[in-house]
1. Report the calculated FRET efficiency for residue 203 and residue 8 (r = Cβ-Cβ distance, R0 = 60 Å), to the nearest 0.05.
2. Between the helical axis of 89-110 and the dominant principal axis of the chain, each derived from Cα atoms, what acute angle in degrees is found, rounded to the nearest 10?
3. Which angle between 0 and 90 degrees, to the nearest 10, do you get for helix 258-270 versus the longest principal axis of the chain when only C-alpha atoms count?
4. Would you mind getting me the FRET efficiency between residue 323 and residue 115? Use the beta-carbon distance for r and R0 = 45 Å, nearest 0.05.
5. Could you give the length gained by full extension between residue 148 and residue 350, i.e. 0.36 nm per residue of separation minus their alpha carbon distance, to one decimal place?
6. Helix-derived [θ] at 222 nm for the chain: sum -39500 (n - 2.57) over DSSP H runs of at least 4, divide by residue count, nearest 500?
7. Could you work out the relative contact order of the chain? I mean the mean sequence separation of Cα pairs under 8 Å and 6+ apart, divided by the number of residues, in percent.
8. Taking the highest mean first, how do the peptides 275-285, 204-214, 249-259 order by number of other beta carbon atoms within 10 angstrom per residue?
């Protein structure tokens with residue numbers, strides 16, 4: 001810094017790097033620390049140099065071609081002022097940059113739309129859900145408008161599709177309440193399920209740092225929302241009656257597809273959820289100890305083990321083994337059965353029975369088991385219902401052999417009501433008596 005002179009446009013343009021050197025510095029006489037670095041390649045850059053806390057710092061201001069001398073000197077003056085105050089300009093700049101980045105990040109957070117966060121939600125939770133539960137989330141938020149895979153026309157948008165273009169911050173309680181009122185008039189049952197899916201999403205989003213605090217707190221808890229939730233009741237008659245078992249079994253057993261026939265009977269005999277049985281693998285079946293390992297909706301990590309009654313075991317043994325799935329399908333993308341409702345509806349019409357959903361078969365298991373005077377806790381454990389904390393505090397301790405005794409009774413009673421003669425070598429003595437009760 002020995003040689004100083006006032007910077008002028010002509011001088012700055014005339015400064016050159018001596019031969020044999022990589023760079024050289026020239027210093028302004030008006031402002032201490034304000035300088036110009038000239039490299040061997042001819043590049044000219046304004047800089048500021050000073051000592052702070054016993055150490056020399058050098059800060060680049062900018063290229064001489066982009067900065068006028070007056071503007072560069074003003075910047076150097078600001079840096080000098082900070083140094084004189086004991087502030088490191090680099091730290092101040094880093095703080096400002098961090099604050100700016102935080103501001104931009106928060107702005108991006110606030111601009112996140114429902115569809116983006118919803119897709120992230122599905123990707124994060126897919127491995128923890130059953131295939132059916134995951135597909136429900138896809139369908140209920142689907143935008144629709146695509147050609148139908150079956151039949152003519154295009155697909156209809158799901159109830160949640162209306163939220164796709166909205167920002168998360170726009171999911172207010174008032175907007176959700178208005179949505180509920182409109183959708184409930186058109187499809188109340190589906191809307192009630194959509195609301196439950198939406199509520200799960202909001203709870204998840206509030207746990208995620210990238211979405212936390214964006215959705216208004218009253219989005220699904222406000223009184224207005226609660227009053228707008230459609231009330232749904234179980235369908236009347238969506239359960240087989242005792243006197244209907246003979247006709248139901250007769251026509252389901254006549255179905256030409258043995259896989260669908262066995263699957264429908266398994267739904268009734270086990271009371272399992274439709275997706276639990278559809279995703280049953282051969283590795284989940286133990287014929288020796290007569291048990292099934294079910295991927296439970298409630299106990300997602302451990303699943304649940306239920307008995308395999310003799311008649312159902314015989315049905316499964318007779319099935320073809322095309323792949324890893326017990327109820328396999330050569331035409332479905334997943335490799336297992338996916339749409340048995342058409343065949344079931346056909347069997348119901350042939351039997352002259354009222355419409356019965358696949359979930360109705362699960363409901364039928366619970367109601368028909370009462371004819372056998374099976375303890376409620378036994379039925380709940382077989383079906384995978386979440387136990388009551390008071391009445392069922394010992395729920396998880398019931399061994400499989402105890403469940404098997406009662407499950408065999410339920411199956412034999414059903415077969416007896418249906419007039420099906422079946423004798424198994426593994427059948428426990430005395431169980432046949434209950435079939436005629």
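Just so it is clear, none of the values below were taken in a lab; they were calculated from the coordinates. Worth saying up front: this structure is predicted, and the values here are computed from it rather than measured. Because the Cβ atoms are built from the backbone with ideal geometry, glycine has one as well, and the counts that use them run over all protein chains shown.
1. 0.35
2. Approximately 30 degrees, to the nearest ten.
3. Orientation of helix 258-270: about 90 degrees from the principal axis.
4. Given R0 = 45 Å and the Cβ-Cβ separation, E is 0.85.
5. 69.9 nm
6. Per the formula, -13500 deg cm²/dmol.
7. 10
8. In descending order of packing, they fall as 275-285, 249-259, 204-214.
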